[in-house]
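The values are calculated or read from the model by the stated rules, or taken from the named source; none is laboratory data. Keep in mind it's a predicted model, so treat the numbers as computed, not measured. Cβ placement follows ideal geometry from the backbone for every residue including glycine, while neighbour counts extend to all protein chains displayed.
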Amino acid sequence: MSATLAAPSECSPARGVNRAGKYLTFHLGREEFAIQVLKVREIMGIQDITAVPQTPECVKGVINLRGKVIPVVDLRLKFGLPELEYSQRTCIIVVQVHGAGAPMLMGIVVDGVSEVLNLVAADIEDTPDFGRDVSMPYLLGMAKVKGKVKILLDIDQILSSQGLLSGLESVLQ
């Protein structure tokens, strides 16, 4: 993953936050990621996405979700992974993130959804130190589950990084 994914923040979300709880796991390629279930509003199959001009490459466009227009971000592209053709397993996870003024719904495209895990504090380790010049405020930690590592993501940090959220809010107003 790229170190330029999110701008550094004053406080790391991994510190002082209760990370135990339920997580929705999904995969991008061979890597497994997880986001807090409380952030998830809906999971749906891939559908027609209307492109919006002059948005970042990772923003695929918008969808109509029961009369509400919501932006859709492809996490593969956001993480600097190669673009893949969507398959029957490709999903849009609708999440609620904190915008500038109020909560906002956004869709994230993932290769496939795996399961919901109930993680206890003992399952979660802090993100390893990758060196002084690598800041990763979008990582909540690493979960060890059945001999595998799941990367716990702070979806608010990912979708608000590099002005993405504020740029999308202005397009949708």
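Which of the residues spanning the stretch 75-84 are closer than 19 Å to Leu153 by Cα and assigned to a loop (DSSP other than H, G, I, E, B)? Spell out how you get there, then give the answer.
Let us first name the residues in the stretch 75-84 that are closer than 19 Å to Leu153 by Cα, namely 75-81.
Answer for the stretch 75-84, where residues must be closer than 19 Å to Leu153 by Cα and assigned to a loop (DSSP other than H, G, I, E, B): Phe79, Gly80, Leu81.
Would you check if Val52 is assigned to a strand (DSSP E or B), of a type in the set (A, V, I, L, M) and either out of contact with any Asp or Glu (no Cβ under 7 Å at 6 or more places or on another chain) or surrounded by 14 or more Cβ atoms within 10 Å (Cβ to Cβ) (or both)?
No: the conditions fail for Val52.
Out of all the residues in the stretch 15-57, which are under 18 Å from the mean Cα position of the chain (by Cα) and among the polar types (S, T, N, Q)?
If the condition is that a residue be under 18 Å from the mean Cα position of the chain (by Cα) and among the polar types (S, T, N, Q), then Thr25, Gln36, Thr55 are the ones that fit.
Looking at Ser114, Ser87 in this structure, which one is of a type in the set (Ser, Thr, Tyr) and part of a strand (DSSP E or B)? Explain how you work it out, then say what you get.
On the way: Ser87 fails: part of a strand (DSSP E or B).
The unique qualifying residue is Ser114.
Any idea which of (1) within 30 Å of Gly147 (Cβ to Cβ); (2) touching a Cys at 6+ places or on another chain (Cβ under 7 Å) is the one Gly45 doesn't satisfy?
Tallying (1) within 30 Å of Gly147 (Cβ to Cβ); (2) touching a Cys at 6+ places or on another chain (Cβ under 7 Å), Gly45 fails exactly one: (1).
In the stretch 17-31, how many residues are of a type in the set (D, E, K, R) and at pLDDT 95 or above?
Within the stretch 17-31, the first condition is being of a type in the set (D, E, K, R), and the residues that meet it are 19, 22, 30-31.
Filter once more, so that each one left must be at pLDDT 95 or above: 22.
Here the count works out to 1.
For Gly61, state whether it is under 13 Å from the mean Cα position of the chain (by Cα), small (Gly, Ala, Ser) and at pLDDT 95 or above.
No: the conditions fail for Gly61.
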